[in-house]
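The values are calculated or read from the model by the stated rules, or taken from the named source; none is laboratory data. Note that this is a predicted model, so its numbers are computed, not measured. Positions of Cβ are backbone-derived with ideal geometry, glycine not excepted, and every protein chain shown enters the neighbour counts. Each accessible area value is taken on the protein alone, full model and side chains, heavy atoms only, with ligands, DNA and RNA left out. Shrake-Rupley method; radii C 1.70, N 1.55, O 1.52, S 1.80 Å.
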Amino acid sequence: MSAVEGAPRWRLDWPTSSGMRPGKALLKTSPEDFRVIEQLWPEFEAPGTGSSGAGEHLCVRIEKTGDNTEYVAQELAALAGCKAFEVGFCGLKDRHAVTVQWFSLYCPGREARDAELLATIAERWPVLGSHRHARKLRRGEHRYNGFDLVLREVSGDPATLEQALAVLAERGAPNYFGPQRFGHEGGNLDRAVNLDPSRLNRKKGGRRGGGGSGSKNVLYFSAARSWLFNEVLAERVCAGSWYVCLPGEPEASGEPTGPLWGDGGTSASEDLALFERAVVAKHPEFEKLFLSTRMKPERRALVTRPEQLHWQWLDQSTLRLQFLLPPGQYATTVLGDIFELQDMSLSRDNKR
């Protein structure tokens, strides 16, 4: 992306489905205003607070406030006496929120000590459930994230906002990656441009807690891939085709998707492939980066559609929303299609 003097180097705000945001609101005024409850698939999630089942992994469901997921995973590893990469979880949850999620701890042959370990964990975080399982939890294996959010100081015509919410429930919103993925003012994208693909160590980077330059390179590479997806999606939004399948859509998708760029570019064909390649060709610095990797092209849904969306006005300027989203989709993206959001957590310390 060519820089214009005085202008940001990277676009970090993309077109909305309606071409405007009819409302403004404050987000995360307090952690209690942003509640997330992770839901696993039935075969993995077991009810109750006592240890049940069998397997080498002790699964623990905890509630946390003010701690990010990776910090909690590291602390749990220390408490359980296992290595950091032996702690599994399904996804990263917000720090400035009240979140409920599962962690798996590799504790083979130590079933007799489960009660003691759970009691120790409960001194740090409320333990809402636990059981043994044969397998480690992995990224993206959860079924949904359930959100219970409160927006404050909401401005905009209430009837217009409710109409926009009704459209959101029916059609969904463009499934953009959020700007936090790209770093402050797109700093992760600046670093991606300077990557040497031959030194990209995906295996090292893929191990959580491994640290070092390998994991950072993967972060920057992922940012570039996500940004290209957003650029393609933005063009589809402007064309009004983001919620319908076009000729050339891979048959396996079954829904409108966009490219997660890789070796060979895109798995789309026909006119859709030409369209996607034309968008990426506008950014030769990234096009060159992907020509030098062996990352397989993938697809990502263009539409994020909240399930079981409900809303309630708590007063004239306070709006509560509840909905479900599948893995890899973000509440801030959904709300950002309607509201100009001011994230009140960004001014706070964000280390843990």
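What number, in percent, do you get for the relative contact order of the chain if the mean sequence gap of Cα pairs under 8 Å and at least 6 apart is divided by its residue count? Could you put the intermediate results ahead of the total?
Working: 685 pairs, mean separation 87.0, N = 352.
Once normalised by length, the contact order is 25 percent.
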> By how many nm would the segment from ALA166 to GLN74 grow when fully extended, if each residue of separation counts as 0.36 nm and the alpha-carbon distance is taken off?
Replying inline: 29.0 nm
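By how many nm would the segment from ASP263 to GLU63 grow when fully extended, if each residue of separation counts as 0.36 nm and the alpha-carbon distance is taken off? The partial results should precede the final answer.
Working: separation 200, 0.36 × 200 = 72.00 nm, distance 4.06 nm.
Full-extension gain reported as 67.9 nm.
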>> Given a 1.4 angstrom probe, I'd like the percentage of the accessible area of segment 274-324 that is carbon and sulfur, rounded to a whole number.
In response: 51
> Got a sec? Charge dipole of segment 239-291, +1 on Cβ for Lys and Arg, -1 for Asp and Glu; which of LEU246, HIS283, SER269 is way out at the positive end?
Replying inline: HIS283
> What Kirkwood radius, in Å to one decimal, follows from the Cα pairs of the chain?
Replying inline: 21.9
>> Explain nothing, just the number: dipole magnitude of segment 12-156 about its Cα centre with +1 on each Lys and Arg Cβ and -1 on each Asp and Glu Cβ, in debye rounded to the nearest 20.
In response: 260
> Nearest 20 debye, what's the magnitude of the dipole of the chain about its Cα centre given +1 on Lys and Arg Cβ and -1 on Asp and Glu Cβ?
Replying inline: 1280
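Distances over 19 Å make up what percent of all Cα-Cα pairs in segment 223-307?
Values: 1079 of 3570 pairs.
That fraction is 30 percent.
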> In the chain, which whole DSSP H runs stretch at least 18 Å along their own axis (Cα) and average 0.0 or higher on the Kyte-Doolittle scale?
Replying inline: 158-171, 212-239
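With every protein chain left in place, what is the accessible area per residue of segment 108-151 in square angstrom, probe 1.4 Å?
Details: 2220 Å² over 44 residues.
Dividing the accessible area of segment 108-151 by its residue count gives 50 Å².
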>> How would segment 119-169 be classified by its alpha-carbon gyration tensor: rounded, prolate or oblate, with rounded meaning a/c under 1.5 and the a/b versus b/c comparison settling the rest?
In response: oblate
> Which is farthest toward the positive dipole end of the chain among THR333, HIS57, GLN322, measuring Cα position about the Cα centre, with Cβ charges +1 (Lys, Arg) and -1 (Asp, Glu)?
Replying inline: HIS57
>> Run the helix sum for the chain: -39,500 (n - 2.57) per DSSP H stretch of 4+ residues, divided by residue count, reported at 222 nm to the nearest 500 deg cm²/dmol.
In response: -8500 deg cm²/dmol
> If you take the beta carbon distance between ARG110 and LYS296 as r and set R0 to 56 Å, what does 1/(1 + (r/R0)^6) give as a FRET efficiency, to the nearest 0.05?
Replying inline: 0.90
>> Cα atoms only: what Rg and Dmax, in Å, come out for segment 81-143?
In response: 12.3, 36
> Which of the peptides 20-29, 122-131 is most tightly packed, and how do the rest follow, judged by the mean count of other Cβ atoms within 10 Å per residue?
Replying inline: 20-29, 122-131
> For all pairs of alpha-carbon atoms in segment 264-341, what percent lies in each bin of width 5 Å, listed from the first bin to the last filled one?
Replying inline: 3, 11, 15, 16, 11, 13, 10, 7, 7, 5, 1
> Applying 1/(1 + (r/R0)^6) with R0 = 41 Å to the Cβ-Cβ distance of ASP13 and ALA119, what FRET efficiency is obtained, to the nearest 0.05?
Replying inline: 0.30
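Given 0.36 nm per residue, what is the gain on full extension from LEU128 to GLN312 after removing their alpha carbon distance, in nm? Mind dumping the intermediate values first?
Numbers: separation 184, 0.36 × 184 = 66.24 nm, distance 2.76 nm.
Separation in residues times 0.36 nm, less the Cα-Cα distance, equals 63.5 nm.
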> Under a no-solvent Debye model with one identical scatterer per Cα of segment 15-143, what's log10 I(q)/I(0) at q = 0.12, 0.16, 0.21 Å⁻¹?
Replying inline: -0.47, -0.75, -1.22
> Given a 1.4 Å probe and every protein chain left where it sits, what share in percent of the accessible area of segment 88-203 is carbon and sulfur?
Replying inline: 47
